[in-house]
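**Q** Handing you a structure now.
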Amino acid sequence: MEKQHESYLAEFVQNGHDESFQIIAEHWYPAIYRFAYSYFGNRDDASEIAQKTLIKVYQNIRSLKEVGSFKSWIYRIANNLCLDELKRAGRRKSESLSLIPKELKLSELTPVTEIESKELNSLIHQALNRLPEQVRAVVILKQFEEMTFIEIGDTLQIPEGTAKTRMYKGLDLLGSILKQWNIETDYLNYD
Amino acid sequence: MIDEKSQQKLMDYLFDEMNSDERKEFEQKIQNSEELRNKLNELKATQSVIGNYSPEEPEENGFHYLDESEKRETPKRPRRINYVILTAAALVLISIFIGLFSSVQFGETEQGYYLAFGNPSVDVEQEGISEEELNEIIAQIRTENSLMMNSMMEQIQQDQNAQFNESLTALADYYEERRNRDLMLFTEGLLQLEESTANQIDQTNRALNGIIYALSNE
């Protein structure tokens, strides 16, 4: 959906046009669901967060002054809900990077290409879970939601430079985690 | 150790958020630094691995539309509300206290109850509009707009049809007139030809008569 269309729809909803909200909900539900799924790795949490996000959007859209920044605003709501849910459930927290669950570590150095996609998905999700919250949010928004660093800054209300630094840190940490789990990232091929 | 500025540049480079000049300049820097080169390759490799991650898609129609209790719920602001309630309560208490020492008027009008100090004029009329009435007005305006649009569209359609018919008639008239004119020109031409042919025959006859007469006299 084009940014201009988002703005128009947001304005319509602000003016009480509920049919426009249905279009917004249908368009954004899958995106927010995927975003939340990257956080939690399960359908229930993802659909709950997506649902709550859209309800909050509906309830608070009149307070949105800049309709042009609707995308950042909706992701900000979703991100805050994800963080709240993590805190509420007492999950994740800062699991030490040195604590490698035995069931995750592969028995020998294995190239990525030899890991089944479902297993790899699970491993990557576990690796994401081990990132500090602030870093993880940036990695998800950049890598999976394909936002620019300016958009990430706007969404998380941090300077653009901070978003870049956190992304660097995120990739660096993920690389270390994958190495610890004996997952070969064959980076030498890039020379 | 890679400094923070270079880390940010690496991110710009990796995610293609540099202009061509910056890119060239940074590529030069990478060429001259083995550390940067190695780090860039590591980051690319990690990015490529996590690029394999695919969050599951939601089931269709995953969003459950809001029921009435969820609609337009006032955002929860407990602390602020508490302050508002406390302030209101304090004002009421102060009013009652002052009221004890002054002439308080309390009564009822058609619009509701009033509380005032001294001798208020109770003829104040406050006619507002409720949300329900507003919604009705909006709905009515929408319906009227829709009817007006339909009527306009019909009118435009009719005008276009009339214009088209007029154009068609004018074109037919033009061709008819032109055909008649051509027919007249053709008839005139034919008459002229006939006349000139008759003249020529007449002249030929006279010339032949002259020749015959001359030959008979010899």
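**Q** Give me the residue from region A:29-52 that is farther than 15 Å from B:SER54 by Cβ and within 7 Å of chain B (Cβ to nearest Cβ) and, out of that set, farthest from the chain's Cα centre (by Cα).
**A** Ranking the qualifying residues of region A:29-52, first place goes to A:GLN51.
**Q** Okay, moving on. Given the conditions (1) surrounded by fewer than 20 Cβ atoms within 10 Å (Cβ to Cβ); (2) within 13 Å of the chain's Cα centre (by Cα), report the number of the one that A:GLN59 does not fulfil.
**A** Of the numbered conditions (1) surrounded by fewer than 20 Cβ atoms within 10 Å (Cβ to Cβ); (2) within 13 Å of the chain's Cα centre (by Cα), the odd one out for A:GLN59 is (2).
**Q** Follow-up question, since we're still on this one. Among the numbered criteria (1) over 11 Å from B:PRO58 (Cβ atoms); (2) small (Gly, Ala, Ser); (3) facing another protein chain (nearest Cβ under 7 Å), which single criterion is violated by A:ALA10?
**A** Failing condition for A:ALA10: (3).
**Q** Considering only residues that are more than 8 Å from chain B (Cβ to nearest Cβ) and surrounded by 23 or more Cβ atoms within 10 Å (Cβ to Cβ), which ones fall in region A:150-177?
**A** A:ILE152, A:THR155, A:ALA163, A:ARG166, A:GLY170
**Q** When A:MET147 is evaluated against the numbered criteria (1) over 20 Å from A:ASP84 (Cα atoms); (2) more than 7 Å from chain B (Cβ to nearest Cβ); (3) assigned to a helix (DSSP H, G or I), which criterion, by number, is the only one it fails?
**A** (3) is the only condition that A:MET147 fails.
**Q** Can you tell me which residue is farthest from the other protein chains (Cβ to nearest Cβ) among those in region B:2-56 that are over 22 Å from A:GLU146 (Cβ atoms) and of a type in the set (Val, Ile, Thr)?
**A** B:ILE30
**Q** In addition: List the helices (runs of 4 or more DSSP H) that sit entirely inside region A:1-104 and contain at least 3 residues that are among the small types (Gly, Ala, Ser) and at pLDDT 80 or above.
**A** A:18-40, A:43-60
**Q** Just for region A:124-162: of the residues that are polar (S, T, N, Q) and touching a Leu at 6+ places or on another chain (Cβ under 7 Å), which one is modelled with the highest pLDDT?
**A** Within region A:124-162, the match that is modelled with the highest pLDDT is A:THR155.
**Q** Can you confirm whether A:ILE55 is of a type in the set (A, V, I, L, M, F, W, C), at the interface with another protein chain (Cβ under 10 Å from one of its Cβ atoms) and without any contact (Cβ under 8 Å) to a residue 12 or more places away in the chain?
**A** When the stated conditions are applied, A:ILE55 passes them.
The values are calculated or read from the model by the stated rules, or taken from the named source; none is laboratory data. It should be emphasised that the depicted structure is a prediction, and the values quoted were computed from it without experimental measurement. Note that each Cβ is placed from the backbone with ideal geometry, even for glycine, and that neighbours are counted across all protein chains shown.
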